[in-house]
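Here's the structure, in structure tokens; my notes come after.
The values are calculated or read from the model by the stated rules, or taken from the named source; none is laboratory data. Values in this document were obtained by computation on a predicted structure and should not be read as measured data. Neighbour counts are summed over all protein chains in view; Cβ atoms, including those assigned to glycine, are modelled from backbone coordinates with ideal geometry.
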Amino acid sequence: MCGIVGAASSRNIVPVLVQGLQRLEYRGYDSCGVAVHAGGLTRTRTTSRVADLLTQVHDDQVEGLTGIAHTRWATHGAPVVHNAHPHFSYGPGEGPDSTKPPRVALVHNGIIENHEALRASLQARGYVFSSQTDTEVIAHLIDSHYDGDLFEAVKASVKQLHGAYAIAAICRDEPHRVIGARAGSPLILGVGADGTENFLASDAMALAGVTDQIVYLEEGDVVDLQPGKYWIVDRAHKPVARTVRTVQAHSGAAELGPYRHYMQKEIFEQPRAIGDTLEGVQGIVPELFDGVGQDGATGASAHRVFKAIDKVLILACGTSYYSGCAAKYWLEGIAKIPTQVEIASEYRYRDSVPDPKTLVVTITQSGETADTLAALKHARSLGMEHTLTICNVATSAMVRECKLAYITRAGVEIGVASTKAFTTQLAGLFLLTLALAQAKGRLSDADEARYLKEMRHLPVALQSVLALEPQLISWSEDFARKENALFLGRGLHYPIALEGALKLKEVTYIHAEAYAAGELKHGPLALVTSEMPVVAVAPNDALLEKLKSNLQEVRARGGVLYVLADRDTQIDSSEGIHVIRMPEHYGALSPLLHVVPLQLLAYHTACARGTDVDKPRNLAKSVTVE
Ligand code: M6R
């Protein structure tokens with residue numbers, strides 16, 4: 001989703017700004033732009049890729065010591081150049097066609113909910129709008145408060161904003177200053193190495209190689225950046241000192257290696273990612289979930305919390321939600337703890353019955369998903385204070401907001417379609433299940449040893465599943481010609497069917513739906529024809545015979561089946577039934593393995609259809625707006 005980079009420096013900062021945007025490309029965008037102070041304010045914007053922006057600024061010899069840059073993921077207004085950021089304010093009665101130069105340039109990530117009212121009042125005061133965005137309102141608002149001090153103008157403006165924002169602004173009359181502010185959307189401050197420059201960015205990755213000295217701005221902070229100093233005020237506009245952390249961010253962007261796309265690379269990284277995630281797990285101890293967040297929670301508190309709670313509430317979106325759905329089966333089946341899994345964007349707005357003895361578990365790859373953060377805050381506002389996150393980014397807002405955390409070690413995930421983040425979430429959730437079972441006295445030493453042994457086998461097991469790739473390529477040739485697909489699973493593998501359908505639709509644009517196989521005859525069977533491929537996840541578990549009956553129902557209607565069967569499952573390829581045999585039966589950990597062929601199927605079908613695999617249309621990697 002939108003990405004921001006800003007800099008106040010003593011050197012030409014344009015290359016740093018554009019490289020920063022390149023590092024934020026993975027978040028997803030449909031236009032981009034940069035504005036610098038070069039005597040006056042000048043900007044370059046495009047609906048093309050950041051690489052083209054780089055060519056444009058190079059050809060036009062755009063240079064400046066102070067600047068802001070942005071990748072936009074359209075919310076208000078189409079992805080066209082006049083809606084791209086930075087937005088200018090020329091002052092009342094003036095617009096792009098006037099001879100007066102612009103006074104304020106602004107970039108924004110988030111959604112301003114009262115933009116219509118603000119727009120009307122600014123128009124009444126003579127401000128001329130040249131975009132359909134909510135962002136342009138902020139540029140004019142700052143201009144309307146400007147009286148020689150941009151910091152003061154931003155402080156006055158943010159008081160009038162309702163909604164979520166991270167902003168960066170520069171001003172014609174103050175050539176060495178960048179002002180930033182955040183509430184509800186992420187923004188970090190990068191402290192330059194030699195005291196001659198400071199930076200703003202949406203995340204630390206944008207500043208990889210520029211600085212590793214990072215300040216995570218907090219809700220309501222406003223920051224004044226100049227080349228040799230910075231100044232932060234909190235939401236009450238009182239001066240505040242924020243901790244500078246050393247953050248080793250790396251872009252990962254140069255590491256495609258032998259792979260065609262990041263999605264393929266990330267699918268094949270899963271044995272390593274799971275291995276890293278489980279590294280050092282010698283036994284099931286509550287300390288695995290020690291807080292790394294604001295409260296400096298200790299292992300003792302994880303121990304205390306696990307003993308105190310008697311319910312789990314999981315909050316997440318998208319793929320992370322599906323990992324939560326799978327975990328429910330483990331948490332109730334193994335740890336015997338009642339578990340509720342909620343889509344974050346629904347939970348945050350619905351009436352629910354809170355229970356303070358609940359462990360609220362957020363699952364998020366990025367740790368910045370706006371709906372999941374808001375759902376967490378909502379749960380806390382209802383008195384549920386025991387919070388834990390399963391997250392892939394140790395420095396993210398979510399980790400700072402939760403008392404306890406399990407940091408998965410998937411490594412940076414660039415592909416918009418989540419793959420290795422999903423399987424590492426499942427690994428973290430399985431460990432959480434065992435830790436809770438142990439805290440409740442429901443995990444024998446023998447079971448602990450057996451589960452740990454099975455977990456340690458996962459990297460090897462994943463390698464043998466990845467070796468199935470040629471067979472998935474063969475399936476993908478059939479799928480590439482279809483416009484619809486159905487995915488079926490039962491029990492623990494129903495969420496895997498859901499995830500398989502999500503992967504297919506995200507990267508191939510094929511309409512895919514997943515059902516618990518027992519639901520087939522209650523409606524979706526009406527869709528089954530020879531044109532509707534039906535994928536079935538068929539491990540050799542207690543529900544296999546039931547699933548086989550469901551598959552017969554499909555075959556009887558002429559549906560063509562694509563079955564992921566365990567080695568010891570009596571399902572064979574025949575007319576209208578294509579079977580891929582999984583190398584082993586993996587028991588409770590089976591979801592981590594069965595999802596991999598579905599990832600490969602989606603990936604190769606996308607390649608066959610020629611879609612933009614790593615940056616599917618309309619989607620963003622980091623969903624930082626509601
Ligand atoms: O960063 P998060 O895990 O919180 O993101 C949640 C979803 O936006 C994300 O999983 C999305 O569904 C992926 N694109 C799925 O591949």
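Brief remarks on what is shown
- Here Glu506, Glu499, Glu553 are screened, and the one residue that is surrounded by fewer than 22 Cβ atoms within 10 Å (Cβ to Cβ) and either touching a Cys at 6+ places or on another chain (Cβ under 7 Å) or modelled with pLDDT of 85 or more (or both) is Glu553.
- Number of positions in segment 349-362 that are at pLDDT 95 or above, more than 16 Å from the ligand (Cβ to nearest atom) and either within 26 Å of Ser622 (Cβ to Cβ) or touching a Phe, Trp or Tyr at 6+ places or on another chain (Cβ under 6 Å) (or both): 1
- Failed item, numbered, when Leu452 is tested on (1) crowded, with 24+ Cβ neighbours inside 10 Å; (2) modelled with pLDDT under 95: (1)
- The residue that is nearest to Tyr347 (Cα to Cα), among those in segment 371-407 that are in a loop (DSSP other than H, G, I, E, B) and in contact with a strand residue (DSSP E or B) (Cβ under 6 Å, 6 or more places away or on another chain), is Met384.
Conditions tested, residue by residue: (1) assigned to a loop (DSSP other than H, G, I, E, B); (2) surrounded by fewer than 17 Cβ atoms within 10 Å (Cβ to Cβ); (3) modelled with pLDDT of 95 or more.
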site: Ser10; (1), (2), (3): yes, yes, no
site: Leu17; (1), (2), (3): no, no, yes
site: Gln22; (1), (2), (3): no, no, no
site: Tyr29; (1), (2), (3): yes, no, no
site: Thr44; (1), (2), (3): no, no, yes
site: Ala51; (1), (2), (3): no, yes, no
site: Ile68; (1), (2), (3): no, no, yes
site: Pro79; (1), (2), (3): yes, yes, no
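- Residue-level check: of (1) within 29 Å of Tyr259 (Cα to Cα); (2) in contact with an Asp or Glu (Cβ under 8 Å, 6 or more places away or on another chain), Pro524 misses just (1).
- Total residues in segment 391-407 satisfying the condition of being near the ligand (Cβ under 9 Å from one of its atoms) and among the hydrophobic types (A, V, I, L, M, F, W, C): the figure is 3.
- Filtered residue count, segment 199-228, keeping only those that are over 17 Å from Val16 (Cβ atoms) and at pLDDT 95 or above: 4
- Some residue of segment 363-383 being crowded, with 24+ Cβ neighbours inside 10 Å, more than 11 Å from the ligand (Cβ to nearest atom), more than 24 Å from Leu217 (Cβ to Cβ) and not aliphatic (A, V, I, L, M): no
- Residue ID - modelled with the lowest pLDDT, chosen from residues in segment 86-126 that are under 30 Å from Glu626 (Cβ atoms) and β-branched (Val, Ile, Thr): Ile111
- Filtering segment 33-42 to residues that are in contact with a His (Cβ under 9 Å, 6 or more places away or on another chain) and at pLDDT below 95 leaves nothing.
- The residue list Asp447, Asp351 contains one member that is under 28 Å from Gly275 (Cβ atoms) and surrounded by fewer than 24 Cβ atoms within 10 Å (Cβ to Cβ), which is Asp447.
- The helices (runs of 4 or more DSSP H) falling completely within segment 442-549 that include 1 or more residues that are basic (Lys, Arg) map to 445-456, 494-508.
Conditions (1) within 30 Å of Ala542 (Cα to Cα); (2) of a type outside the set (A, V, I, L, M, F, W, C); (3) in contact with a strand residue (DSSP E or B) (Cβ under 8 Å, 6 or more places away or on another chain), marked per residue:
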{"residue": "Ala335", "(1), (2), (3)": "yes, no, no"}
{"residue": "Val341", "(1), (2), (3)": "yes, no, yes"}
{"residue": "Ser345", "(1), (2), (3)": "no, yes, no"}
{"residue": "Asp355", "(1), (2), (3)": "no, yes, yes"}
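- Some residue of segment 178-190 being farther than 23 Å from Leu118 by Cβ, more than 29 Å from the chain's Cα centre (by Cα), at pLDDT below 95 and among the β-branched types (Val, Ile, Thr): no
- Residue in segment 309-348 that is nearest to the ligand (Cβ to nearest atom), counting only those that are assigned to a helix (DSSP H, G or I) and of a type in the set (Asp, Glu): Glu346
- Residue list for segment 599-626, restricted to those being in contact with a helix residue (DSSP H, G or I) (Cβ under 6 Å, 6 or more places away or on another chain) and within 10 Å of the ligand (Cβ to nearest atom): Gln599, Ala602, Pro616, Ala620, Lys621, Ser622, Thr624
- Selection of segment 408-441 for residues being assigned to a loop (DSSP other than H, G, I, E, B) and within 13 Å of the ligand (Cβ to nearest atom) yields Thr408, Ala410, Val412, Glu413, Ile414, Gly415, Val416, Ala417, Ser418, Thr419.
- Boolean, Val596 is buried (at least 20 other Cβ atoms within 10 Å of the Cβ), assigned to a loop (DSSP other than H, G, I, E, B) and either within 16 Å of the ligand (Cβ to nearest atom) or not acidic (Asp, Glu) (or both): no
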